[in-house]
Amino acid sequence: MHGETCLLDLDTCLEKAIKIVRWGGVIVYPTDTVYGVGGDPFNINTVNRVTHLKGRRGSPYPILVSSIDNALRLLEASDAMVMLMRRFWPGGLTIVGRARYGIPGNFFMDTIGMRMPGHRRLLKLIDGAGGYLIGTSANISGRPPAKSIEEARGYFGGAVDLYLDGGRARENPSTVVEVRDKHIIIRRIGAIELDVLREFCSETGCILYEEV
């Protein structure tokens, strides 16, 4: 039944969500930041459904991964990028880098954003679904990201296949950085604060560009 709500903490709900993603469906799910909406990022029909739900055009969606190894299968990683992953993943940092090879659907782009969320149950879901999940916030484009199932349902109603309830979100959206060799360019400040990134670059010798 479309629009069903299920508790992510229940194994039966987790298994149901994994099946839906593998079958090309769309789910709303909690993360360590805000709620997300997504499915299989390599299924063009799923990507198109998410785009229709959000009323969004243009930029590709970030991808949530279940491990650093899965991210490195898609990204051309510099030393600075790997150090960022090891320091801040799992957690609230989205890393944008050059794609290792063309990715199906509207992810066929030169660059792609990836994040490993700090949410144990969600990581289990992502891993069970193949290691990757569309990682865009649950909202209509231009509206605030949903921080609860009720807010997400207000955006999408019965148009998604499953809502996974993990309680109310407490964090801001992820911080977004683009990495080019040892250069780190801040695209959005969120869950990871600017001072933390400054300290990281002071320790590692990377070059931080703070214009947002």
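Where a number appears in this text, it was derived from the coordinates with a stated rule and is not lab data. On a predicted model such as this, the values are computed, not experimentally measured, just so you know. Neighbour counts are summed over all protein chains in view; Cβ atoms, including those assigned to glycine, are modelled from backbone coordinates with ideal geometry.
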Translational diffusion of segment 90-212, µm² s⁻¹ [Kirkwood Rh, Cα pairs; Stokes-Einstein; 10 °C; 1.306 mPa s]
97 µm²/s
Gaussian network model of the chain, Cα within-10 Å springs - most flexible of R143, R115, R153:
R143
Using alpha-carbon coordinates, inclination of helix 44-54 to the longest axis of the chain, degrees
90 degrees
Which of [x] 105; [y] 129; [z] 194 gives volume of the Cα convex hull per residue in Å³ as computed here? It is [x]
Which chymotrypsin sites (Phe, Trp or Tyr not before Pro) in segment 5-44 pass both tests, a DSSP loop state and at most 14 other beta-carbon atoms within 10 Å?
W23
Range in the chain, longest, excluding exposed GluC sites (Glu not before Pro) [loop by DSSP; at most 14 other beta-carbon atoms within 10 Å]:
77-192
Amide H contacts of R180 (H built 1.01 Å from N, under 5 Å, at least 5 apart or other chain):
I185
Per residue, the convex hull volume that the Cα atoms of segment 137-204 enclose (Å³)
128 Å³
